[in-house]
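Working notes for the structure below.
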Amino acid sequence: MTPIQASVVGDTTAGGAALRIAVIDDHPLFRRGLISLLAREPGFAVVAEAADGFEGIKAVGATRPDVVLLDLNMPGISGIDAIGAIRKEAPAAQVVMLTVSEDADDLLKALRNGASGYLLKNIDSEFLVAAIRRAADGDSVVSPEMTGKLVEQVRAGAKPAPEDVLSAREREILAHLARGRSNKEIARALDVAESTVKIHVQHILRKLNLASRVQAAIWAVEHGVATRS
């Protein structure tokens with residue numbers, strides 16, 4: 001049996017402005033095809049690849065990518081279980097699940113564990129490229145087919161009134177996050193600077209002890225904030 005390996009496949013120098021991406025997937029043909037696709041995209045640099053979760057964690061720690069594309073079902077450790085270790089190795093990295101699983105439980109577990117997005121492998125290349133860029137900017141990215149399942153799953157375990165820990169402006173921005181809007185879209189809707197929105201989002205995450213915009217959106221739905229504005 002050929003041993004599973006992790007490898008650096010692109011420029012890892014800090015001088016370039018390219019978006020640094022790691023690909024972790026146990027299917028060689030899909031992984032290599034994905035890397036080939038991303039390598040042709042201007043401004044992208046695939047800095048590491050791995051064929052299982054354990055090697056992926058090591059590769060992420062060695063290369064500190066901006067975005068990690070992570071498969072769900074892999075030998076050794078599942079993608080969902082690897083999320084925490086990946087975020088520990090590279091706290092600034094945005095972890096995006098790229099999977100065939102349309103199971104709502106997998107979706108919610110991944111997001112609760114700290115994933116910034118959940119994409120199905122049947123998406124087209126243009127959607128994937130745009131989603132990677134959005135994730136790198138701190139936006140949440142979920143395949144359209146999974147959005148309804150996310151809302152249903154969250155509402156099934158929804159809790160009543162929220163804790164009063166956010167300002168009125170923060171609750172307003174949180175409601176926009178729950179609708180999947182980007183910082184730019186929120187800034188336009190509220191007639192404020194995009195940098196102001198970014199600061200509010202950081203405050204929201206810190207106050208709620210959350211790791212990502214997706215987790216904030218889930219919190220908003222659970223606590224009824226998403227229906228208030």
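The values are calculated or read from the model by the stated rules, or taken from the named source; none is laboratory data. Just so we're clear, the structure is a prediction, and the values are computed from it rather than from any experiment. In this analysis, Cβ positions are derived from the backbone assuming ideal geometry, glycine residues included, and neighbour counts consider all displayed protein chains. The protein model used for the area step is the full one, side chains on, heavy atoms only, and it has no ligands, DNA or RNA in it. Shrake-Rupley method; radii C 1.70, N 1.55, O 1.52, S 1.80 Å.
Of all residue pairs spaced 6 or more apart or on separate chains, those with beta-carbon atoms under 6 Å, a first member in region 212-223 that is aromatic (Phe, Trp, Tyr) and a second member that is in a helix (DSSP H, G or I) and at pLDDT below 85 are TRP219/LEU208. Checking each residue in region 87-131 for being within 24 Å of ALA220 (Cβ to Cβ), in a helix (DSSP H, G or I) and touching a residue at least 40 places away in the same chain (Cβ under 8 Å) picks out ARG87, ALA104, ASP105, LEU107, LEU108, LEU111, ARG112. Just one of the numbered conditions (1) under 20 Å from the mean Cα position of the chain (by Cα); (2) crowded, with 21+ Cβ neighbours inside 10 Å is not true of GLU222; which one? Result: GLU222 passes all but (2). Looking for something charged (D, E, K, R) and modelled with pLDDT of 85 or more - is there at least one such residue anywhere in region 155-167? No; the residues of region 155-167 include none that is charged (D, E, K, R) and modelled with pLDDT of 85 or more. Considering (1) open to solvent by 40 Å² or more (accessible area, probe 1.4 Å); (2) modelled with pLDDT under 80; (3) among the charged types (D, E, K, R), the lone condition that ARG206 does not fulfil carries the number (2). The number of residues in region 29-65 being touching a Lys or Arg at 6+ places or on another chain (Cβ under 9 Å), surrounded by fewer than 21 Cβ atoms within 10 Å (Cβ to Cβ) and farther than 25 Å from ALA17 by Cβ comes to 1.
LYS109 fulfils the conditions (1) more than 12 Å from the chain's Cα centre (by Cα); (2) under 21 Å from LEU205 (Cβ atoms); (3) surrounded by fewer than 17 Cβ atoms within 10 Å (Cβ to Cβ) except for a single criterion, (3).
Filter region 38-52 down to the residues that are of a type outside the set (Phe, Trp, Tyr) and touching a strand residue (DSSP E or B) at 6+ places or on another chain (Cβ under 7 Å) and list them by number. Answer for region 38-52, where residues must be of a type outside the set (Phe, Trp, Tyr) and touching a strand residue (DSSP E or B) at 6+ places or on another chain (Cβ under 7 Å): LEU38, ALA39, GLY43, ALA45, VAL46, VAL47, ALA48, GLU49, ALA50. Checked against (1) open to solvent by 40 Å² or more (accessible area, probe 1.4 Å); (2) touching an Asp or Glu at 6+ places or on another chain (Cβ under 8 Å); (3) assigned to a loop (DSSP other than H, G, I, E, B), LEU72 meets all criteria but (1).
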